[in-house]
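The values are calculated or read from the model by the stated rules, or taken from the named source; none is laboratory data. In this text the structure is predicted, and so the values were computed from the model without any measurement. So basically every Cβ, Gly included, is an ideal-geometry build from the backbone, and we count neighbours across all protein chains shown.
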Amino acid sequence: MYEGKIIKFYRERAGITQEQLGKDICSATHVSKIELGQTHYSKDILNLLSKRLNIHIEREIDSFKSIQKQLEQWHEAIIMQRNQEMDRLASELESRELIHISDYKNLYTLLQARYHFSKNQDQHALKFIKKIQKLERKLSSYELNLLNHVLGIYYIGNQEFQKAIESLKLIKENTYQNTDYYYHLAISYHANNSDLMAYSCAEQALQFFRKTNNFLRVIDTEMLLLVMQRKDTNYNFNERLKKFESLLQSCELCHSSIRRATILHNLAYEYYCLGDYDNATRHYQNSMNLKEKKTGTYLNSLEGYIEGSIKGNLLSRSELLQLTEKGLSIAEKLNDLLYINLFKLPLYKIQEKHTVYYQYLSDHALPFFKTYGHSLLVNRYEKEMFHYYSKTGQLDKAVDIAQTVMNDR
């Protein structure tokens with residue numbers, strides 16, 4: 001089974017024909033049948049062909065058979081986010097040429113996509129997704145599930161949460177035991193304002209991560225649950241603050257600055273919602289200091305920092321303009337439409353271009369937020385549009401906005 005594929009691979013790499021390979025050993029027809037696995041052959045013939053190709057066939061077969069196990073180890077390392085291990089395995093697998101003629105080449109492509117997502121290299125990941133989508137009909141049920149999972153991760157990165165839900169819901173758990181996808185479902189449902197579904201999925205993800213001793217992902221999920229509990233009136237701020245501090249300590253123990261940055265960002269938003277703009281901007285700043293500039297996550301905290309500074313009147317107009325133009329410039333270089341919208345809005349506000357601001361919000365930003373399922377942003381800006389229309393006497397438009405909000409509920 002394996003021998004023929006290996007012989008064909010090394011023959012083609014050597015740039016010789018079947019006739020040249022079989023000369024004085026066997027016919028070209030026999031070589032062809034060996035490569036296709038359509039004939040029996042003696043061990044002597046196999047050894048002679050291998051010697052001519054300058055390979056050790058038994059060693060090559062053992063290497064070929066170990067590919068599946070190594071891919072499984074790589075997938076586990078990605079899920080567990082053991083960075084050193086997954087980088088090592090990525091390097092080892094990349095050097096294994098036989099993987100491209102194995103039965104696991106499609107699985108390898110899918111895992112390459114997931115690996116690059118874990119490294120925040122979304123454009124690299126997208127190349128592998130596009131490659132595998134052309135072969136979708138040839139994928140096994142497990143590979144189809146993994147494709148839908150990877151697509152869900154991609155859509156989340158693009159802030160297209162409704163599309164993420166649609167992809168992730170296609171996963172069939174009976175043929176895909178990697179139930180960490182529930183975490184990504186929870187993120188998507190939460191962003192889409194489906195709190196009950198988000199909570200249920202987060203609990204299932206947390207159970208999986210605890211069972212597998214995946215401490216980093218436990219931190220992620222507990223952070224998500226803490227964010228979702230913001231709407232629960234039974235939780236007072238001091239209790240929530242203790243949980244934030246506990247998660248920050250866990251990040252220190254796990255040496256995870258990325259998670260610490262995320263927790264600081266969410267804590268900043270807690271203070272923002274309370275109207276404590278001094279603490280909000282301080283935590284947004286601390287979060288930005290831990291993030292790589294020119295990334296979406298950095299822009300997310302920068303946008304929060306600017307909004308908190310505007311609300312709290314903490315920076316001068318020139319300072320706000322400089323920061324907003326910086327954010328818009330990064331967003332445009334990334335071609336990130338979400339953040340282009342989110343930085344154009346405060347820019348118009350700071351420049352006191354109020355008519356332009358509301359026109360842009362109505363014609364561009366708000367339709368974009370609705371199209372891509374940014375329900376929190378939709379709620380935030382629909383309220384603002386409602387107050388603007390009411391204040392300016394545009395009562396018909398105010399009523400339309402109010403009806404839209406009621407229908408969405």
Candidate set: region 53-88, residues that are under 28 Å from the mean Cα position of the chain (by Cα) and β-branched (Val, Ile, Thr); chosen: the one surrounded by the fewest Cβ atoms within 10 Å (Cβ to Cβ): Ile67
Where a residue in region 54-83 is farther than 11 Å from Tyr104 by Cβ and polar (S, T, N, Q) and its partner, wherever it lies, is modelled with pLDDT of 90 or more and part of a loop (DSSP other than H, G, I, E, B), with Cβ under 8 Å and at least six apart: Gln81/Asn214
Residues being of a type outside the set (S, T, N, Q) and surrounded by fewer than 18 Cβ atoms within 10 Å (Cβ to Cβ) - total across region 256-268: 1
Tally, over region 90-121, of residues that are closer than 17 Å to Tyr2 by Cβ and among the β-branched types (Val, Ile, Thr): 2
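Working only within region 76-108, note down all residues that are of a type in the set (Val, Ile, Thr), touching a Leu at 6+ places or on another chain (Cβ under 8 Å) and within 24 Å of Tyr155 (Cβ to Cβ). Reasoning before the result, please.
Of all residues in region 76-108, those of a type in the set (Val, Ile, Thr) come to 78-79, 99, 101.
Narrowing further to those that are touching a Leu at 6+ places or on another chain (Cβ under 8 Å): 78, 99.
Result: Ile78, single match.
So which helices (runs of 4 or more DSSP H) stay within region 1-52 end to end and still have 2 or more residues that are of a type in the set (D, E, K, R) and either touching a residue at least 60 places away in the same chain (Cβ under 8 Å) or surrounded by 14 or more Cβ atoms within 10 Å (Cβ to Cβ) (or both)? Walk me through how you get there before you give the answer.
Numbers: elements: 2-14, 18-22, 28-36.
Fully inside region 1-52 and qualifying: 2-14, 28-36.
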Selection count where residues are assigned to a helix (DSSP H, G or I) and in contact (Cβ under 8 Å) with a residue 60 or more places away in the chain, scope region 286-296: 1
Conditions (1) farther than 24 Å from Glu160 by Cα; (2) touching a Phe, Trp or Tyr at 6+ places or on another chain (Cβ under 8 Å); (3) polar (S, T, N, Q): number failed by Asn341: (1)
The lone exception for Arg210 - which of (1) part of a helix (DSSP H, G or I); (2) under 22 Å from His374 (Cβ atoms) it fails: (2)
Filter result (surrounded by fewer than 18 Cβ atoms within 10 Å (Cβ to Cβ) and either modelled with pLDDT of 95 or more or not in a helix (DSSP H, G or I) (or both)) within region 92-103: Ser95, Arg96, Asp103
Members of region 158-171 found to be over 18 Å from Ala202 (Cα atoms) and assigned to a helix (DSSP H, G or I), listed by number: Lys163
Pairs where the first residue, in region 129-145, is assigned by TED's automatic domain parsing to the domain that holds Asn106 and the second is of a type in the set (A, V, I, L, M), C-beta under 6 Å, 6+ apart: Ile129/Ala113; Ile132/Leu110; Glu143/Leu107; Asn145/Ile171
Of all residues in region 188-237 being more than 19 Å from the chain's Cα centre (by Cα), closer than 21 Å to Leu376 by Cβ and among the acidic types (Asp, Glu), the one that is surrounded by the fewest Cβ atoms within 10 Å (Cβ to Cβ): Asp232
Every pair of residues 6+ apart whose Cβ atoms lie under 6 Å, when the first sits in region 307-329 and is loosely packed, with under 15 Cβ neighbours inside 10 Å while the second is assigned to a helix (DSSP H, G or I): Lys311/Tyr277
Within region 160-184, tally of residues that are within 18 Å of Tyr142 (Cα to Cα) and aliphatic (A, V, I, L, M): 3
Whichever residue in region 109-150 is assigned to a helix (DSSP H, G or I) and at pLDDT below 90 and, among such residues, is surrounded by the most Cβ atoms within 10 Å (Cβ to Cβ): Asp122
